[in-house]
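Notes follow once the structure below has been shown.
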Amino acid sequence: MHPAFSVVFFTTATGAGYGLLALLGVLGGLGFIPADFWLGLVGMALALGLIVAGLLSSTGHLGRPERAWRAFSQWRSSWLSREGVASVATFIPTALFGIGWVLLGRSGGWVAAAGLLAAVGAATTVCTTGMIYASLKPIAQWHSPYTLPAYLIFAGMTGSVLANALLQGFNVGSNAMLAFALLATLAGWGWKLATWRYNDRLEIPTTANTATGLTGGTVRSIEWPHTEENYLLKEMGFRIARKHSAKLRRITQALAFAVPAVLLAGVFITPWSFAAIASALAAICQLAGMLVERWLFFAEAKHTVTLYYGRQ
Amino acid sequence: MTCLPSHTDKKLGLVIDLDTCVGCQACVTACKEWNTGGHMAPLTDIDPYGGHIDGVWFNRVHSYEHTTEQGGRTVNFPRSCLHCEQPACVTVCPTGASYKRASDGIVLVDEDKCIGCKLCSWACPYGAREFDTDVGVMKKCTLCVDRIYNDNLAEEDRVPACVAACPTSARHFGDLGDPASAISQLVEERGGVALMPELGYKPTNRYLPPRARSERAVKVDAPALEPIKAEGGFLGWIDRMLSN
């Protein structure tokens, strides 16, 4: 699949934004993170900034963005429509939580309820994003039991690493938040390795034989219907060389998981100023790594239409 | 609504005979010619005389070499929308632009509602949908919905343009939901198959596999050529002696 930057950025940014929003909603609403104006403002601005930038970016690949409002109508059948509805609905409790926690400096009561609802909305939106990909049968690497949990785990992981950086930056970091961010990063690493292992051993029942209805023997493409690349090949025929794929997987592991994990582990034993810098670096490094991870998620996914063009 | 109808009165579709298709591309050009002025018009061509030609087509003919223990053969393979009974391209549509008609099962796009998100083209395993970058909306085969019900055309012309154009009658049109229809009988008789049945889209269109090779067929292999000049040496001498 062609890795369109707008979609790669969209899923990475909104995942991190919703992860951070969910953590702020739960921990802030219940009073585990003290209601502080500047901390709250920066935290909510970061979460909402990532979410809004991501959502705007996602409209960048639409052919007719001025009609995007129509996408809220088909939630009964379409995961993309459900994503749109869930993302907009989440703004309502988020706004209430922001008013209560940031502007009024309160927690508990209705602020906690709004925070929890915002967290539920954030998790729901991430699930709908994951299901858009997990529901596509023609792409075996996406239509797998690994896809939906991956979106949730990575949202929680990037969100918690951002939350830790935020708390460390305001010198109110806690070992619990730090440990959660570190464990989430290790969990994300494990899940990604398991996903790659699963995909590399995938035996796809759909072949050039079933695609053409020609049973038995081999089916070899000898002539394409067109001399130039068409829409199908540009959109779904993206191919990545195995050696680049291996190298990019190593870059993903280093940037998204290994380096952040080492930095976060170091935060346990370093004084505040170093801890804040290391936490911020871990978050930035991880987001860069997740962009590479998401790029590979597209680039390594193979659509059945490529069978018609001779993919084995 | 992008929810699917529970039942369609008819299952209109195509049956394509891979035994008789000669890969002449007549169906491809007839389709383009009709549909660039039809229901989903235009079928935009980008840079048609330049070095990077691109454009929207509803029907593409591939050529394959199918090699089995019985030998190899060339199979020309027209590929277009199969008007599935379970078209995920419809259910993934967030706007209601894609729909399947309850009356005849044809899958269509309402171009005025399409936002061009392209998700339907990802959801189609068959590559039936092509995006029009110029108009910014998705396009697909309409089964010539503007021909098959068109009272202005003579009755024999009320078939999809690809079917009307095929010089070898490799393309057939009809109601695959009616077991008594000529097209259903043809599928029954020739063992017509659905493409990628394992994905569960339940395509309406059927492909008739190439017929088995006949042992009675005329041998068309050319005889081995005579050597131009006899070899020298002992064998050459024998050859010359025997040729006298």
Which stretch or stretches of region A:132-159 have amide N atoms under 13 Å from the point lying 7 Å from A:LEU202's Cα along the Cα→Cβ direction? A:133-148
Of A:LYS192/B:LYS139; B:LYS118/B:LYS202; B:LYS32/B:LYS100, pairs whose Cα-Cα distance is over 27 Å: A:LYS192/B:LYS139
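Express in nm, to one decimal, how much length is gained between A:ALA53 and A:THR227 on full extension, taking 0.36 nm for each residue of separation and deducting their alpha carbon distance.
58.8 nm
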Amide H proximity to B:CYS117 below 5 Å, modelled H, separation 5+ or other chain, gives A:GLY63
Run the quick spin-label model on B:GLU65 and A:LEU193: label points 7 Å from Cα toward the beta carbon, then report their separation in nm to one decimal. 4.4 nm
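Check each of the chymotrypsin sites (Phe, Trp or Tyr not before Pro) in region A:8-58 and keep only those in coil by DSSP with at most 13 other C-beta atoms within 10 angstrom; list them in order.
On the way: sites: A:PHE9, A:PHE10, A:TYR18, A:PHE32, A:PHE37, A:TRP38; in loops: A:PHE32.
Within region A:8-58, the qualifying chymotrypsin sites (Phe, Trp or Tyr not before Pro) (loop, at most 13 other Cβ atoms within 10 Å) are A:PHE32.
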Among the Cα-Cα pairs of the protein assembly as shown, the proportion with separation greater than 45 Å, in percent, is 30 percent
Cα-based helix-to-principal-axis angle, A:5-23 vs chain A, degrees rounded to 10: 30 degrees
At R0 = 25 Å, FRET efficiency that the Cβ-Cβ distance of B:SER6 and B:SER181 yields, to 0.05: 0.70
So, with points 7 Å from each Cα along the Cβ direction, the B:THR74-A:SER144 label distance in nm works out to 3.9 nm
Non-local amide H neighbours of A:GLU223 (under 5 Å, H modeled in plane, Pro and chain starts lacking H): which ones? B:SER63
Say R0 is 51 Å: what FRET efficiency, to the nearest 0.05, do A:ASN171 and A:ILE240 get from their beta-carbon distance? 0.70
Any chance you could give the angle, 0 to 90 degrees and rounded to 10, that helix A:175-200 forms with the longest Cα principal axis of chain A? 0 degrees
In what order do A:GLU228, B:GLU111, A:GLU66 fall by count of nearby beta-carbon atoms within 10 Å, going from fewest to most? A:GLU66, A:GLU228, B:GLU111
HN-Hα couplings for region A:62-78 via Karplus (6.51, -1.76, 1.60; θ = phi - 60°), in whole Hz with x for Gly/Pro, come out as 6, x, 10, x, 5, 9, 4, 4, 5, 5, 8, 8, 9, 5, 6, 10, 10
In degrees, nearest 10, range 0 to 90: what is the angle between the Cα axis of helix A:79-98 and the longest Cα principal axis of chain A? 10 degrees
What's the percent breakdown of Cα-Cα distances in chain A across 20 Å bins, shortest bin first? 31, 53, 15, 1
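Sum up the charges of everything whose Cβ sits under 10 Å from the Cβ of A:GLY237, counting Lys and Arg as +1 and Asp and Glu as -1, but leave A:GLY237 out.
+2
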Starting at 0 and stepping by 10 Å, how many percent of the alpha carbon pairs of chain B end up in each bin? 7, 26, 30, 16, 7, 5, 5, 3, 1
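Please list A:193-199, B:162-168, A:158-164, B:215-221 highest first by mean number of surrounding beta-carbon atoms within 10 Å per residue.
Working: A:193-199: 14.7, B:162-168: 19.1, A:158-164: 29.1, B:215-221: 5.4.
Going from most to least packed, we get A:158-164, B:162-168, A:193-199, B:215-221.
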Please turn the phi angles of region A:262-268 into ³J(HN,Hα) values with the Karplus equation 6.51 cos²θ - 1.76 cosθ + 1.60 (θ = phi - 60°), one per residue in order, whole Hz, x for glycine and proline. 5, 4, 5, 4, x, 4, 4
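Please compute, for peptide B:155-166, the average count of beta-carbon atoms on other protein chains lying within 10 Å of each residue's beta-carbon. Before the final figure, lay out each step's value.
Values: counts 0, 0, 0, 0, 0, 0, 0, 0, 0, 0, 0, 0.
Across B:155-166, the average partner-chain Cβ count within 10 Å equals 0.
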If we count other beta carbons within 10 Å of each Cβ, what is the order of B:CYS84, B:CYS21, fewest first? B:CYS21, B:CYS84
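Read-outs throughout are calculated quantities, based only on the coordinates presented, and are distinct from any laboratory measurement. In this text the structure is predicted, and so the values were computed from the model without any measurement. Glycine gets a Cβ as well: all are built from the backbone with ideal geometry, and neighbour counts include every protein chain shown.
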